[in-house]
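Contents: one structure, followed by commentary.
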Amino acid sequence: MVKSFLGNDIKDDELKNFEVYVHNKLGLFIPNSENSGDLIKKSRRFPAYMIVIVFFEQDLGIEPEIEIKSKHYFAEIVSPGTPCGVISQGLNRYYCIMIDKEYFDEQYRLYSDDIPRFEGRQFAVCSDILKTLNTFAFEYSKGMNNSDITLSAQVTLMTHWIIRSILGETVDMRSVSSNYSIGRVQQYIEQHFSENITVKDLADIAYMSESNFNRIFRRETAVTPIEYLIETRIAKSKILLRRKDITITVIADRCGFGSSAHFTSCFKKTVHMSPTEYRDRYME
């Protein structure tokens with residue numbers, strides 16, 4: 001099963017410094033020592049999709065081509081038969097995920113008819129994926145009743161999480177409140193961020209007084225309702241800024257800012273660069 005992910009030429013010695021967890025569609029390889037870089041050396045090509053998630057940017061040894069937001073990790077994907085990417089050497093703290101080619105292609109086609117060839121494609125993934133990966137490893141190790149069913153479900157979840165992240169649909173799951181009323185408000189903001197929304201509107205949705213709503217919302221999310229709304233609008237605007245066919249004025253309007261000046265002011269305060277600077281740096 002390991003060879004189906006890593007190739008028939010893989011040697012036992014190359015795996016001795018890894019914790020190995022393999023399912024029929026996905027393999028997870030976690031370094032357990034500092035001498036683990038040879039597995040994904042630059043000259044190697046694998047029969048499966050390889051995704052490497054790096055926990056600390058300083059470990060990369062390169063300047064990322066993408067923006068890595070708070071609570072997100074740097075990740076890179078290479079297609080089967082493609083040489084390992086730019087972060088293929090000298091890493092110690094990372095997770096290596098191998099996904100069966102046929103399975104990954106099948107799932108990717110649910111999002112797009114065309115499957116690109118990934119030659120070291122960089123993307124950001126929410127750090128919450130670590131919980132799912134660790135759950136997969138724990139379930140695999142325990143070998144509990146019907147674990148094959150739960151492992152298959154986790155493989156599906158992780159594969160779609162990775163595909164969505166590649167497509168720019170990253171979500172910080174820790175920001176979703178366990179409080180039903182606050183979670184309902186967060187969902188409303190996600191759907192209506194472009195509209196003129198007041199704190200009273202949100203408090204009404206939560207069936208709370210404004211003062212009580214403000215207090216509970218901040219306790220649950222660590223930000224005020226307005227700060228959360230602005231952060232949501234900024235996140236949506238970044239997606240549009242990566243395209244060159246939409247003006248900043250139109251983006252400001254679509255994302256619920258009253259003017260391009262207000263948009264620029266909020267964007268600078270949050271991202272520490274202007275919308276134009278962000279577009280120049282991250283335009284796709």
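Key figures for this structure:
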read-out	value
Single match in 281, 233, 243, 219 (criterion: of a type in the set (D, E, K, R) and touching a Cys at 6+ places or on another chain (Cβ under 8 Å))	233
Any hit, the range 53-69, residues being at pLDDT 85 or above, under 24 Å from the mean Cα position of the chain (by Cα) and either of a type outside the set (Phe, Trp, Tyr) or crowded, with 18+ Cβ neighbours inside 10 Å (or both)	yes
Residue under evaluation residue 176, criteria (1) in contact with a Lys or Arg (Cβ under 6 Å, 6 or more places away or on another chain); (2) at pLDDT below 85; (3) of a type outside the set (Asp, Glu), criterion not met	(1)
Of residues in the range 160-170 being touching a helix residue (DSSP H, G or I) at 6+ places or on another chain (Cβ under 8 Å) and surrounded by fewer than 17 Cβ atoms within 10 Å (Cβ to Cβ), the one modelled with the lowest pLDDT	168
Qualifying positions in the range 116-147 - over 18 Å from the mean Cα position of the chain (by Cα) and without any contact (Cβ under 8 Å) to a residue 60 or more places away in the chain	116, 117, 119, 138, 139, 142, 143, 144, 145, 146, 147
Which listed residue, of 282, 228, 180, is free of Cβ contacts under 8 Å to residues at least 12 places away in the same chain, at negative phi and aromatic (Phe, Trp, Tyr)	180
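The values are calculated or read from the model by the stated rules, or taken from the named source; none is laboratory data. Computed from a predicted structure; not experimentally measured. Glycine gets a Cβ as well: all are built from the backbone with ideal geometry, and neighbour counts include every protein chain shown.
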